[in-house]
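The values are calculated or read from the model by the stated rules, or taken from the named source; none is laboratory data. Bear in mind the structure is a predicted one, so any value in this text is a computation, not a measurement. Positions of Cβ are backbone-derived with ideal geometry, glycine not excepted, and every protein chain shown enters the neighbour counts.
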Amino acid sequence: MRKFVIDCDTGTDDAIALMAAFGCEEIEILGITSVNGNVNEDNVSRNNLNMCEYLGWEVPVCRGAAYPFTMGFRNSSDQTHGKTGLGSVVIPEAVSHTFDRRISSRFLYEKAVECQGELELLVTGPMTNIAAAIIQYPDFAKLIKHLWFMGGAVYGGNVLPTAEFNIWVDPEAALTVFSSGIPLTMVGLDVTLKAIMTREDIEELRANGSKAAVLTADLLEFMEKRFARGGEDIIMHDALALAAAVYPECLQYRDYWMDVETRGDYTRGHTYADVRNKLNRQPNVRVATEIDVPAFRRWLVDKICLCK
Ligand code: BDR
Ligand code: CA
């Protein structure tokens, strides 16, 4: 079975990606690593631990990077993921589950060594933990089979006209990952902005009645209300990165040489793709460029319903 660690900044849509991942029978999740992003690292880590206890997942949950490499705290606005990261949704505090004693970068490295070149990573937040592992353990990058990530955009942005949130939070970390030699698949705003769930999906999940399906319906309803208030739509950025890993047919791809802008006053965090191959360099990123939205929505609802 394929082996994954999920590195995330949970986060409403990260939470849904986690539930979908636990519904995927073709993958084994070896652990969850937490990173500052949508909310601070403390809230992210608690969300991950609380979800494990609430949904009965017996996997290690690690604390992780509390700050990006060079800037101070950078979190998304309260309106996007709420104060705790789970919007208006409340799940019980974990009482029996405790954090793994290892910091995320150490855990990632140990799992990479144990898996002997077979470990895959799903990264749905800023790349600080992954970059830390690359910097701390020189053989780490070579041990990773593939890294699937939500982040960046070939065209456009969400926090800035040319920068997507996960990359904008920690551009130096993203640059470290892009130049690491790890095989990368990028699922960026070019496709994720189209991955919008509907009222029909919410009703199907609620009718299913499982704990994960109801929790997902609650999170989607928070997003539906957020959209009605003028905020972000019911967009499944992070679950789409999981889909790239386990249901690649719902996307189309192009290979590009890519770099991360770390210096521009207005463009810091931009993911630059050499779309016209002017630089004549070997591609380092496979980029999702088109999405079959109905197929993705069907897949996501099914995986959430299978989550246990
Ligand atoms: C990304 O930022 C966060 O708001 C989401 O969880 C997603 O990972 C989208 O830009
Ligand atoms: Ca995220």
Of the listed residues (LEU147, LEU175), the one being more than 12 Å from ligand 1 (Cβ to nearest atom), at pLDDT 95 or above and touching a Leu at 6+ places or on another chain (Cβ under 6 Å) is LEU147
Residues in the stretch 26-47 that are outside any helix (DSSP H, G or I), away from ligand 2 (no atom under 14 Å from the Cβ) and either small (Gly, Ala, Ser) or modelled with pLDDT of 95 or more (or both) total 5
SER88 fails exactly one of (1) away from ligand 2 (no atom under 16 Å from the Cβ); (2) more than 24 Å from VAL246 (Cα to Cα); (3) within 20 Å of the chain's Cα centre (by Cα); (4) touching a residue at least 60 places away in the same chain (Cβ under 8 Å), namely (3)
(message) So, VAL177, is that one part of a helix (DSSP H, G or I) and within 16 Å of ligand 2 (Cβ to nearest atom) or not?
(response) yes
(1) within 16 Å of ligand 1 (Cβ to nearest atom); (2) more than 26 Å from GLU224 (Cα to Cα) all hold for GLU26 apart from (1)
Within the stretch 157-195, residues of a type in the set (D, E, K, R) and touching a helix residue (DSSP H, G or I) at 6+ places or on another chain (Cβ under 6 Å) come out as GLU164, ASP170, LYS194
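Here's the yes/no breakdown for (1) more than 16 Å from the chain's Cα centre (by Cα); (2) under 19 Å from ARG263 (Cα atoms); (3) buried (at least 21 other Cβ atoms within 10 Å of the Cβ); (4) of a type in the set (Lys, Arg):
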| position | (1), (2), (3), (4) |
| --- | --- |
| GLY156 | yes, yes, no, no |
| PRO161 | yes, yes, no, no |
| ILE167 | no, yes, yes, no |
| VAL177 | no, yes, yes, no |
| VAL187 | no, no, yes, no |
| LEU193 | no, no, no, no |
| ARG199 | yes, no, no, yes |
| LEU205 | yes, no, yes, no |
| ASN208 | yes, no, no, no |
Requiring at least 1 residues that are touching a Gly at 6+ places or on another chain (Cβ under 7 Å), the strands (runs of 3 or more DSSP E) wholly within the stretch 226-281 are 271-273
